[in-house]
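Everything below concerns the one structure shown next.
The values are calculated or read from the model by the stated rules, or taken from the named source; none is laboratory data. Computed from a predicted structure; not experimentally measured. Here the Cβ positions follow ideal geometry from the backbone for every residue, glycine too, while neighbour counts run over all protein chains shown.
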Amino acid sequence: MNSCWQVLILTALAVATPSSGAAPPAVEKQAHGALIRFDAGTLRLEVWSDRVVRVSYAPGSAIPVTHSLSVISSPAAIPFQFKETPAAVELSTRALRAVVDRGTGLVSFRDLAGKTIFEEKGPRESSVGDSFVLDPEEQIYGLGQHQAGFMSYRGTSVHLQQKNMEIGIPVLVSSRGYGMLWDNPSITDVEVGVKGNEGLLRWVSETGKAIDYYFIFGPKSDDVIAGYRQLTGAAPLLGKWAWGFWQCKERYASQAEMLGIVSRYRETHRPLDGIVQDWQYWAPGGWGSHEFDPARYPDPKGMVDSIHEMNAHILISVWSRFDLDTANEKELEQAGALYPAVIPNVYPRGQGKWYDAFNPEGRRLYWKQIWERLGTMGMDGWWLDATEPEIGGKWGEYRTFTTAEGSAATVFNAYPLMTTTGIYQGQRAQTDKKRVIVLTRSAYAGQQRNSAISWSGDIQGNWDVFRKQIPAGLNFSLSGIPYWNTDIGGFFGGNTKDPKYQELFVRWFQFGAFTPMFRVHGSGSGKEFWQWDEPTQRTMLKFERLRYRLIPYIYSMSWQVTDKGGSMLRPLVMDFAGDKNALNVADQYLFGPDLMVNPVTTAGASSRPVYLPGKAPWFDFWTGKKESAGGRVEAAASIDSMPLYVPAGSILPLGPDVEYVDQKPADPLEVRVYPGANGSFTLYEDAGESYDYEHGAYATIPFHWNDAAKTLTIGKRAGNYAGMLQRRTFRVVLVDQQPGGGLDDSAGARPVAYSGKEVRVKLP
C-alpha cells in the first residue's frame, strides 16, 4: 500500500463466539463495502468516505431497509480495495482499512500503527443496542444538551429524550480523535463508563429495526464534525444581522410596547439588531392561528415595517400546537396532519392538537399558514417553541402516538428536526432574498442544515444553573450543531432591583456576548437595559460594544462554519486534545480559534483561575500582557470585566463602534496581531442578507503572520459582491502591554491602504 495511505483497521466479530460446528460466514462484496452473514445475524460495512464507515447489524439473514431522517448524503464513489483471506475480509481506502474476522462478529477500529482506537465489546442487544470498549484515559463529549454540569460524560449515563431543557442528539466525539453517529431517533440511553462497567460505552435504544451507526475518523475534532456535517448537511450562513444583540422577554403584549422598546434603544444609541415577539399575541382561542389580537396589535404589518425602518429585525413565536376549531387546525385536520386525539395540555384553555411534522403535507401546510399570515408581513425569522413536542405536560406521552413515519416511539427524538425542516425548506422555496433563521427549543442530528439556533430552555436564574449552561452549550457544539444560546439571566426568577441578581445577570450577560446568539430573555417585568442600575448598564454597554466590534471576526467564523464544517463554541479539547489538563475543563472555551472565554460563575468573585493550555503564549485581551502556557493564572475579574485570552499567532479584526451590524462599513478595520507563533485568518464579507453567496457573491481576504520575520501579509482579495468596499484601510497593531489591549482602538496602530492586491507589513 502506498505510504501516503492512512490505515484504520475495522474488525467485525459475531454477537457471540460461534460453536465449533457453526457454519463459516458468507461474504458478499458490494458496491460500497461488504455484507457478512453469520449464523446469528447479518453485518454490513459501507465505506461512505475515506474517513467514514457505516456499520449495520440485524438478527437474521438480512438487514431491514431503513429510512434515515438525519443522514441525507450517500456513500461516496471512492475506490477501495477488497481482499479475502482464510481469517478475514479486508476493505481499504486511502484513509482506512476494514478487516472482518470470519470467526467472530464485533467491530474494532485501529490506526496505522495497529493501535486500537475503538472496538465493539458486545454482545449486541438484538437490533437496539451495542457496547464498545473505552480506553482508560478516554473522554466522551457531545450527546446533545444536558443540565448535569459535566464536560466529559465519563462515569455517567445520558438519557437522550427531548424535553424542555434537555436535547438528545445521538452524536459523540471522543478525545481520541473519532466520532460516532448512532442513527436511531427513538429514546436512547448512553452509558459512558458507569460504575460496574467502567471500561464500556453502551448504547441502548427503545426500538429499532437494526443497529445502525457511523464511525467518523478525525483525528481532530474539527475533522470529526466536518465528517458528521458531510453526512447530515452543512449549516447555511445566517443573516449578518443575526449576530447582533437581541432583546426579548416573556412577553411583549402589544404593538405599542414592541415599538416602544425598539424606539428607546435607538433614542439612547444602545446597540440592538432584533426584538422577539413571544407567544400569546393572538386573541383567546387563537393558538395556532398565527393572527394578532387586533385589540392589542391594530396594525401588525405597520409594526413590522416600523421596526425595519428603525434598522432592527423581528422574530415571532410560532408553535406546533393548534386550538380547536381554528381555520389552521381544520385545514391540517382535513389533510390528516394532526394527531387524532385531543391532547390534554398544561396551558390555558386546556386542550389543543399538535401537528404531525413527519407528514410531508403537514409540513407544507404548516409553512403555508405561517407564510400567508406572518411571512407576508415581513417577519425576519421564526421562534419555534416547544419543538420537543411538548405534549400533555409529560413529553414521554408522545411515544404512544402514530406519525406519518410510523410509531412515534421509533422517531421520538426527531420531531424538532422535521419541524425545522418544514420551515427551512418552505422559506427557501419562497424566496432566496432573505436567509432563514430559526430559534428552537429542541434539536436533533442534522438540524444544522435548517439554519436553526437552539436555546437551553426555560431555565432558572441562579448561579448553579448558570454554571451548568457552559458545558451544556459546549457539548451541544460537539454534537455537530453550531448555533446555541441561553436566556441571559435565566427564564424564571430574578428581580432587576436586587443587587444579588444584578451581579448574576452581569456575569451571565458577559458570557452571553460570546455565544452564537446574544439574547436577553426571561419572565417578569423585563430586562431591558433601563431596568438596571447605572453600574450594570455600563457593563452591559461595554460588552455590547465589544460584541459589535467583533462582528467582522464573528461573521468570518460563521463562514468557516458553513464552508468548512467549523465550530464557534470550542471546548478546550477541540484545540488542545494532547493536553490532558484541558480535557475536562467545563468553564473555559474558545469562541472561534482566537478568543478564550472564561466566564465568572461564582458570586462575589474578583478573580478566577484560568488554565492556559498548549505551549505557545497567551495574551490578556484587556491589557495585552503575555502569559506562558501550560499552567494556571489567577486572572483579574472585577464585576465589570471577564477574563479573555488570545493565543499567540492570532490575527483579530475589530470593526468600528456601531448601533446595529450594518450601520456603516467595517472601515477602517483594526487588525491586532498577537506575536509568538505563526498565524493566519481569513476575513469573509458579503452583502449579508440573501443567498447570493451560494452563487459566489462574496469576498475573502487572507491574512498571514510570519512570526520570525515579523511580517503580516495581507493577501490578494478573492471574489466580489454588490456593495463591496473596493478600497479600505487596515489599522495594524502588534500587541504587547502597551498597544493592542482593551476595547478601544489602539493609538499606535499602523494604517495600511488596501485595494485588493497583496500588501506586506513589517512590524517592529
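Summary table below
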item: Within segment 594-647, strands (runs of 3 or more DSSP E) holding 3 or more residues that are in contact (Cβ under 8 Å) with a residue 40 or more places away in the chain; result: 644-647
item: Criterion violated by residue 611 - all others in (1) crowded, with 22+ Cβ neighbours inside 10 Å; (2) touching a helix residue (DSSP H, G or I) at 6+ places or on another chain (Cβ under 9 Å); (3) hydroxyl-bearing (Ser, Thr, Tyr) satisfied; result: (1)
item: Condition met for residue 457 (outside the structural domain of residue 363 (by TED's automatic domain parsing) and part of a loop (DSSP other than H, G, I, E, B)); result: yes
item: Any hit, segment 478-487, residues being surrounded by 24 or more Cβ atoms within 10 Å (Cβ to Cβ), small (Gly, Ala, Ser) and farther than 19 Å from residue 644 by Cα; result: yes
item: Residue, surrounded by the fewest Cβ atoms within 10 Å (Cβ to Cβ), within segment 725-759, restricted to residues that are in contact (Cβ under 8 Å) with a residue 40 or more places away in the chain and more than 30 Å from residue 543 (Cα to Cα); result: 757
item: Test: residue in segment 179-198 that is more than 18 Å from the chain's Cα centre (by Cα), touching a residue at least 60 places away in the same chain (Cβ under 8 Å), under 14 Å from residue 132 (Cα atoms) and assigned to a strand (DSSP E or B); result: no
item: Single residue of 108, 131 found to be part of a strand (DSSP E or B), at pLDDT below 95, among the hydroxyl-bearing types (Ser, Thr, Tyr) and within 19 Å of residue 44 (Cα to Cα); result: 108
item: Flag if residue 386 is aliphatic (A, V, I, L, M), assigned to a loop (DSSP other than H, G, I, E, B) and either surrounded by fewer than 24 Cβ atoms within 10 Å (Cβ to Cβ) or out of contact with any Ser or Thr (no Cβ under 6 Å at 6 or more places or on another chain) (or both); result: yes
item: Residue tally, condition touching a residue at least 24 places away in the same chain (Cβ under 8 Å), part of a loop (DSSP other than H, G, I, E, B) and at negative phi, over segment 659-681; result: 13
item: Residue 722 vs. criteria part of a loop (DSSP other than H, G, I, E, B) and touching a residue at least 24 places away in the same chain (Cβ under 8 Å); result: yes
item: Residue match in segment 567-575 (condition: more than 30 Å from residue 695 (Cβ to Cβ) and either surrounded by fewer than 21 Cβ atoms within 10 Å (Cβ to Cβ) or among the polar types (S, T, N, Q) (or both)); result: yes
item: Residues of segment 248-292 satisfying the condition of being at positive phi and modelled with pLDDT of 95 or more; result: 269, 280, 288, 290
